[in-house]
Amino acid sequence: MRRPKLLWHLFPYFLLVTLVTLVAVTWYSAHSWRAFFLGQTARDLETRARLVETRISGRAALENEVWVDKLCKDLGKITSTRLTVILPSGKVLGDTDEAPAKMDNHGDRPEIQEALAGKEGVSTRFSFTLGHNRMYVAVPVKSQGKIIGVVRASLPMTSIGQALKAYYLQIVLGGLFIALLVALLSFYIARRLSDPLENLKRGALRFAQGDLSRKLPIPRTDELASLAEVLNEMAGKLEDRINALIRQGQMQEAVLSSMIEGVLAIDAGQRLIALNRAGASLLGVNKEGALHRTVQEIVQDSELRWFINRTLSAQDPIEGEVDLNKGEQILQAHGTSLRDPAGASLGVLIVLHDVTHLRRLEHVRRDFVANVSHELKTPITSIKGFMETLLAGAIREPENAENFLRIVARQTDRLNEIIDDLLSLSRIEKDAERGQIFLTTQRVKGVLAAAIEICTPKAQDRGIGVDLNCPEDLRARVNAPLLEQAVVNLVDNAIKYSEGNREVRVEAERTGPEVVIRVRDQGSGIPPEHLPRLFERFYRVDSGRSRQFGGTGLGLAIVKHIAQAHGGKVTVASTPGKGSVFSLHLLPD
Ligand code: ADP
């Protein structure tokens with residue numbers, strides 16, 4: 001409903017009061033004026049009647065009827081008054097407007113009767129002689145204390161009425177003018193009263209819309225000034241409180257955002273009420289879009305949904321592991337019920353910790369132990385078997401004995417190689433962890449040539465050519481013995497896994513912000529499914545072939561750790577049947 005403004009509430013009342021006062025004053029003054037005017041007219045008529053009376057007082061004059069009538073007619077014309085002289089019998093002696101003979105007896109007229117009684121007679125009534133309303137004033141004519149006649153003066157009411165009307169018009173016009181003035185004044189006053197309130201209203205509205213910084217202007221009146229001050233104070237306190245809440249919210253948001261754990265708060269109606277960045281990325285949803293939606297809508301994984309439902313119905317905190325995306329991501333989940341300070345349940349808080357990497361490491365470690373045991377077990381079993389055979393008597397068969405001992409020696413070499421590789425791997429890891437791998441700026445070509453030289457006999461044995469292509473002045477920050485070992489491992493593999501008459505190329509160049517060393521072969525290549533795990537310890541694509549060439553399965557793991565110790569990485573690209581390219585990405589000088 002549209003309510004009228006205060007201005008339109010005040011103004012009509014101001015106007016009404018003024019108009020009522022004005023009408024009352026106008027009416028009263030018109031009324032008083034009419035009374036005054038009629039009194040004045042009556043006195044005027046009396047004066048005129050007295051004038052005639054002084055002329056005719058004396059019996060002789062009254063006896064001359066013609067003279068009296070003429071006097072009435074003459075004086076009447078001059079004064080624009082009807083003058084009549086009447087005898088106490090009521091007979092008319094003279095009249096301004098009529099011939100006295102034609103006029104009836106006037107003794108019954110009220111003013112005449114009053115004058116005959118010795119008083120001044122006044123009457124306003126209809127004149128049957130002239131046919132309109134008139135005012136009559138009659139005065140007695142005395143001679144020696146006796147009333148010998150009456151002189152009456154009269155005026156038509158129409159002329160009195162006209163004079164009054166003209167005056168009324170003036171009063172009404174004056175009244176209207178004053179009403180207009182008062183209306184403008186009332187409007188001005190009403191506005192002066194309502195304007196500060198309107199300002200306060202606008203300011204309060206601004207506060208309600210959240211703009212608390214712009215304070216209200218202080219009006220001049222005491223009551224409104226106090227109101228504005230109270231409102232300003234209230235807005236100030238509100239602003240402080242809101243700012244504190246915003247700061248608190250931002251702080252909470254910052255804490256939640258910087259947490260690596262995913263945090264989800266869910267209300268009793270299973271709607272998401274809070275979610276941090278890590279949580280959104282774990283669930284694979286957009287944070288803003290997910291808020292206030294139900295668990296069913298945003299959590300796709302049934303295992304996690306089940307965990308949330310369990311937390312919602314549980315009294316105590318619960319913990320569990322959830323596999324996301326068919327086990328590709330493993331989350332450790334903690335669920336606790338959320339309670340307000342009074343202890344009432346608000347929902348639940350779920351904290352998700354991505355333990356995929358941890359679990360994978362555990363897995364790798366488990367595999368590693370199993371692999372090491374397995375790798376060591378094979379030569380040891382072989383050594384043990386041949387030793388037992390020798391002890392059982394084969395030692396006395398020189399031909400077999402020598403053969404067996406040669407096998408034992410080979411297996412011992414293999415054990416030695418595995419242990420050497422394991423030791424150098426752990427040394428590199430340990431040194432890298434302690435920051436004890438010192439890098440110096442070196443000519444890359446020198447290091448590569450030294451590595452190729454080590455591999456040359458093996459390459460020649462297999463009829464494989466090794467080609468080096470490296471700018472003379474190419475320099476990088478490296479640890480020369482370690483880099484040499486990495487390149488030896490890569491070239492050794494390239495030779496091992498290539499057929500004869502093929503070529504291995506070692507290239508180095510500066511590409512953008514790094515120095516890249518590539519070892520390219522035309523060998524068997526590696527199927528793509530093996531590439532992600534190729535640099536794991538003991539990972540082999542073809543273990544039979546690897547063992548046949550005396551491989552330990554640790555060569556590429558060593559290369560990876562050396563690359564990392566240089567602040568770089570190793571990558572591989574391979575096409576089965578065509579060959580592989582292993583690239584070492586290092587920092588330039
Ligand atoms: P290994 O001692 O068995 O060679 P590595 O760690 O050096 O161990 O290599 C891991 C596996 O990667 C090897 O067993 C082999 O199957 C594969 N591999 C490494 N280099 C090459 C290459 N240049 N061409 C094809 N396969 C390779």
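The values are calculated or read from the model by the stated rules, or taken from the named source; none is laboratory data. These numbers were taken from a predicted model, which means no experiment stands behind them. Note that we place each Cβ from the backbone using ideal geometry, even for glycine, and neighbour counts take in every protein chain shown. Side chains are part of the model used for accessible areas, which takes the heavy atoms of the whole protein and leaves out ligands, DNA and RNA. Shrake-Rupley method; radii C 1.70, N 1.55, O 1.52, S 1.80 Å.
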Note: PHE187 to GLU433 extended length (0.36 nm per residue) minus current alpha-carbon separation gives 79.8 nm
Given charges at beta-carbon only (K, R positive; D, E negative), |dipole| of the chain in Debye: 3300
If I model a spin label at HIS530 and SER257 as a point 7 Å from the Cα along the Cα→Cβ vector, what separation in nanometres do I get? 4.7
Normalising by the residue count of the chain, find the relative contact order in percent from Cα pairs under 8 Å and 6+ residues apart. 7
Loop-exposed GluC sites (Glu not before Pro) per DSSP, neighbour cap 13 Cβ within 10 angstrom, longest uninterrupted part of the chain: 1-327
With a cap of 13 neighbouring Cβ atoms within 10 Å, and only residues DSSP puts in a loop, list the chymotrypsin sites (Phe, Trp or Tyr not before Pro) found in the stretch 59-147. PHE128
Please compute the per residue accessible area over the chain with all protein chains in place, 1.4 Å probe, rounded to a whole number of Å². 58
Under the span-like rule (Cα at least 18 Å along the axis, Kyte-Doolittle mean at least 0.5), DSSP H helices of the chain: 6-56, 157-208, 444-461, 480-496
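Using a 1.4 angstrom probe on the protein heavy atoms only, line up VAL369, VAL515 by accessible area, largest first.
The residues order as VAL369, VAL515, largest area first.
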Can you count the Lys pairs in the stretch 440-586 with C-alpha separation below 21 Å, eight or more apart or on different chains? 7
Give me the dipole magnitude in Debye, nearest 20, for the stretch 440-586 about the Cα centre, with unit charges on the beta carbon: positive for Lys and Arg, negative for Asp and Glu. 300
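Counting only Cα atoms, I'd like the Rg/Rh figure for the chain, Kirkwood definition for Rh.
1.69
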Modelled label-to-label distance, ARG396 and LYS237, 7 Å Cα→beta-carbon offset: nm? 11.1
Between ARG359 and MET387, what is the FRET efficiency for a Förster distance of 41 Å, r being their Cβ-Cβ separation, to the nearest 0.05? 0.50
Alpha carbon convex hull of the stretch 1-89, projected area averaged over orientations, nm²: 10.6
In the stretch 95-120, which residues have a backbone nitrogen under 15 Å from the label point lying 7 Å from SER57's Cα in the Cα-to-Cβ direction? 118-120
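Give me the extension gain from ARG547 to ARG271: residue separation times 0.36 nm, minus the current Cα-Cα distance, reported in nm with one decimal.
Extending this stretch completely gives an extra 93.5 nm.
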Sequence neighbours fewer than 8 away in the same chain don't count; with that in mind, list the lysines whose C-alpha is under 26 Å from LYS5. LYS201, LYS215
Would you calculate the separation in nanometres between label points at LEU291 and ASP211, each defined as 7 Å from the Cα along the Cα-to-beta-carbon direction? 2.5
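Under the rule of -39500 (n - 2.57) per DSSP H run of 4 or more residues, summed and divided by the residues of the chain, what mean residue ellipticity at 222 nm is obtained, to the nearest 500 deg cm²/dmol?
Taking each H run of at least 4 residues, the total per residue is -18500 deg cm²/dmol.
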Cα to Cα, under 16 Å, and not fewer than 8 places away if on the same chain: which lysines meet these conditions relative to LYS102? LYS70, LYS73, LYS91
Give, in nm to one decimal, the length gained when the segment between ARG339 and LYS165 is fully stretched (0.36 nm per residue of separation minus the Cα-Cα distance). 53.7 nm
At a Förster radius of 25 Å, what calculated FRET efficiency corresponds to the Cβ-Cβ distance of THR456 and LYS377, to the nearest 0.05? 0.15
From the backbone phi of the stretch 466-475, what are the Karplus-calculated ³J(HN,Hα) couplings (6.51 cos²θ - 1.76 cosθ + 1.60, θ = phi - 60°) in whole Hz, Gly and Pro given as x? 10, 10, 10, 9, 8, x, 4, 8, 6, 10
